[in-house]
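The values are calculated or read from the model by the stated rules, or taken from the named source; none is laboratory data. Owing to the predicted nature of the structure, the values given are computational and were not obtained by experimental measurement. Positions of Cβ are generated from backbone atoms using ideal geometry, with glycine treated the same way; all protein chains shown enter the neighbour counts.
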Amino acid sequence: MAERFEIRFSGAGGQGLITAGIILAEAASIIEGKHAVQSQSYGPEARGGASKSEVIISDGPIDYPKATIVDACLAMTQESADKYANGIKEGGVLLLDSDFVKKEPQGDFKVYKFPITRTAKDDLGREIVANVVALGAMIALTGAVSREAGEKAVLARVPEAFLELNKKAYALGYEKVKELMK
Amino acid sequence: MAKKVALLQGNEACAQGALYAGCKFFGGYPITPSTEVAEVLSVELPKVGGKFIQMEDEIGAMASVIGASLTGSKVLTATSGPGVSLKQELIGYACIAEVPCVIINVMRGGPSTGMPTGPGQSDVQQAKWGTHGDHAAIALVPASCQEIFSETVRAFNLAEKYRMPVQVLFDEIVGHSRERIEFPEPGELEVIDRQTPTVAPEQYKPYDTSFGDVPPLAAFGSGYRFHVTGLNKAQDGFPTTKASLVDDEQRRQLRKVDAAQAEIEKNEEYLTDDAEVVIFAYGSTSRSARYAVNELRKEGIKAGLFRPITLWPFPEKRVAELAKKAKAIVVPEMNLGQMVLEVERVAKGDCKIGFLGRVDGEPINPGQIIAKVKEVK
């Protein structure tokens, strides 16, 4: 883990990306004992339009709490890709929902993509867990926290009736990306 | 036993700090970006025998905390700039009547409604001069979730100890960012309660200076009767226009804070020992500044950070010393020049002063501070 690792989740307001950011920050700071700060874009544009959530993870105390240059970015919609898939580090990674982002952002970073929302809908029957699929995918892609810590944090956040669904969603996202990375 | 830890927003940490300090009353009116303070306390206060009231507006909210405090409770209100503006008349009332209370201001831009969801630091002079008349002011400016917790506790301590309103100002960035916090065990942080009278009710005077500059305060309902007014008053609490009494009272109210400055003041310094350029920064901007100091040091530029945690009373002595030692002081703040005026006043021309202001709703980033330091040095 680098001294300072920055991840951005972006998509449409209501897709649960702020929650995904909170879960990642909990995995890093509560379960793994690292330092983490989670923040979100918070404004009128967050209602339905593009929304983002950022997590900074570090082995030491985090001074500047906002992203400087992100190591990894997720974009679930075209609007969020246009607006937030910038400032990605050279050699960084960008994960896209291929059903919704047709015009790929260009830059000196590696792009991974799969139909994230459709995967949640088709494989699990619940579109609502697309954010957890995306979270599993981002953790697989970055190794920002361990697979186990991520799963533990997911399960600590969801109501008991939905534990199994979210566990599957997380594993699905994680494994999809591991395949893409082969 | 391992300490309880959680990932909390700054606003949530503030509410938890208030509970730790023994807050038993919250009166407020919701306003972005401070609403989570009220939200948490509306759930938690009833569990500890406290009361939560959402009032008709910010003015009513301030009135409610003054009244509740006079019954002996530790009290809190939380708002943002527009709400603090509305509260000013009653903040002055709490000053002159010497009623302990804590006011949280999660700062956004301004004036007026400004930009509700963006961060700002443009209420820092208001914290000192917002209400009319000469009065002492204490304002604390924490920069992280953990510090919001502990500084909220300290704000209650100072309010209770000095019988006055204390403001805690932080901006939307720390108010809404989530960070890990460790909950202090009971007893780990000092918790101070106000002095109550030891004399019999018939001998009690609410502004009796024979006990020092901070007279003991009786709780309504505890058998003590006294008069509370916004007028200048004599020691018995009733209005007076007698020149010597008015003069004594006004001077005492400033003196009680002036004399305790060393105790109230709290600063953090980072690499200031050999610093040629000192960055004076508070709140979330100090975090950008610390990042900038590290980057500047890598380039061989001797930068350091002076971070006031108590903003008012202003750390005059230490800033004056730094101005004598350093070539320049750079002041970044999310306003168009407020605390830089204090730095200039205290530095008295002993070093160069650089100012960096930002008011577009975005934080001051480390790169901007680095550029400013290079320009000024």
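You will find that of B:333, B:265, the residue that is of a type outside the set (S, T, N, Q), more than 13 Å from chain A (Cβ to nearest Cβ), in contact (Cβ under 8 Å) with a residue 40 or more places away in the chain and buried (at least 22 other Cβ atoms within 10 Å of the Cβ) is B:333 and no other. Restricting B:274, B:193, B:258 to residues that are farther than 30 Å from residue B:107 by Cβ and of a type in the set (Asp, Glu) narrows the list to B:274.
Return yes or no: is residue B:208 buried (at least 16 other Cβ atoms within 10 Å of the Cβ) and without any contact (Cβ under 8 Å) to a residue 40 or more places away in the chain? Yes: the conditions hold for residue B:208. Of the residues B:362, B:295, the single one that is more than 27 Å from the chain's Cα centre (by Cα) and within 14 Å of another protein chain (Cβ to nearest Cβ) is B:295.
Among the residues of segment A:158-170, just one is surrounded by fewer than 16 Cβ atoms within 10 Å (Cβ to Cβ), under 26 Å from residue A:37 (Cα atoms) and at pLDDT 95 or above, namely A:163.
Scan A:90, A:79 and give me the residue that is farther than 22 Å from residue A:28 by Cα and in contact (Cβ under 8 Å) with a residue 60 or more places away in the chain.
Details: A:90 fails: in contact (Cβ under 8 Å) with a residue 60 or more places away in the chain.
That would be A:79, the only listed residue that is farther than 22 Å from residue A:28 by Cα and in contact (Cβ under 8 Å) with a residue 60 or more places away in the chain.
Among the numbered conditions (1) under 16 Å from residue B:133 (Cβ atoms); (2) aliphatic (A, V, I, L, M); (3) within 25 Å of the chain's Cα centre (by Cα), the only one that residue B:246 does not meet is (3). Of the residues examined, residue A:36 is one that is within 14 Å of chain B (Cβ to nearest Cβ) and within 20 Å of residue A:136 (Cα to Cα). Can you confirm whether residue A:93 is surrounded by fewer than 23 Cβ atoms within 10 Å (Cβ to Cβ), β-branched (Val, Ile, Thr), at pLDDT 95 or above and under 13 Å from the mean Cα position of the chain (by Cα)? So residue A:93 fits the description; yes.
When you scan segment B:10-23, do you find a residue that is surrounded by fewer than 21 Cβ atoms within 10 Å (Cβ to Cβ), over 19 Å from the mean Cα position of the chain (by Cα), hydroxyl-bearing (Ser, Thr, Tyr) and more than 14 Å from every other protein chain (Cβ to nearest Cβ), even just one? No, segment B:10-23 contains no residue that is surrounded by fewer than 21 Cβ atoms within 10 Å (Cβ to Cβ), over 19 Å from the mean Cα position of the chain (by Cα), hydroxyl-bearing (Ser, Thr, Tyr) and more than 14 Å from every other protein chain (Cβ to nearest Cβ).
Return a yes/no flag: does segment B:91-104 have any residue that is of a type in the set (Ser, Thr, Tyr) and farther than 24 Å from residue B:250 by Cβ. No: segment B:91-104 contains no residue that is of a type in the set (Ser, Thr, Tyr) and farther than 24 Å from residue B:250 by Cβ.
A single entry from B:48, B:75 fulfils the requirement of being among the β-branched types (Val, Ile, Thr) and buried (at least 24 other Cβ atoms within 10 Å of the Cβ): B:75.
A quick yes/no check of all residues on (1) surrounded by fewer than 20 Cβ atoms within 10 Å (Cβ to Cβ); (2) in contact (Cβ under 8 Å) with a residue 40 or more places away in the chain; (3) in the same structural domain as residue B:168 (by TED's automatic domain parsing); (4) under 26 Å from residue B:356 (Cα atoms):
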{"residue": "B:91", "(1), (2), (3), (4)": "no, yes, yes, no"}
{"residue": "B:103", "(1), (2), (3), (4)": "no, yes, yes, no"}
{"residue": "B:110", "(1), (2), (3), (4)": "yes, no, yes, yes"}
{"residue": "B:121", "(1), (2), (3), (4)": "no, yes, yes, yes"}
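Checking each residue in segment B:205-262 for being part of a strand (DSSP E or B) and charged (D, E, K, R) picks out only B:233.
Can we say residue B:133 is in a loop (DSSP other than H, G, I, E, B) and surrounded by fewer than 18 Cβ atoms within 10 Å (Cβ to Cβ)? If you could, list the steps in order and put the result at the bottom.
Working: in a loop (DSSP other than H, G, I, E, B): yes; surrounded by fewer than 18 Cβ atoms within 10 Å (Cβ to Cβ): yes.
It is true that residue B:133 is in a loop (DSSP other than H, G, I, E, B) and surrounded by fewer than 18 Cβ atoms within 10 Å (Cβ to Cβ).
Return yes when residue B:374 is more than 28 Å from residue B:105 (Cα to Cα), away from chain A (no Cβ under 14 Å) and surrounded by fewer than 21 Cβ atoms within 10 Å (Cβ to Cβ) and no when it is not. Yes; evaluated as a whole, the condition is true for this residue.
Is segment B:159-180 home to any residue that is more than 14 Å from every other protein chain (Cβ to nearest Cβ), surrounded by fewer than 19 Cβ atoms within 10 Å (Cβ to Cβ) and part of a loop (DSSP other than H, G, I, E, B)? The answer is no; no qualifying residue exists.
Scoring residue A:148 on the criteria (1) over 16 Å from residue A:24 (Cβ atoms); (2) of a type in the set (Asp, Glu); (3) in a helix (DSSP H, G or I) leaves a single failure, condition (1).
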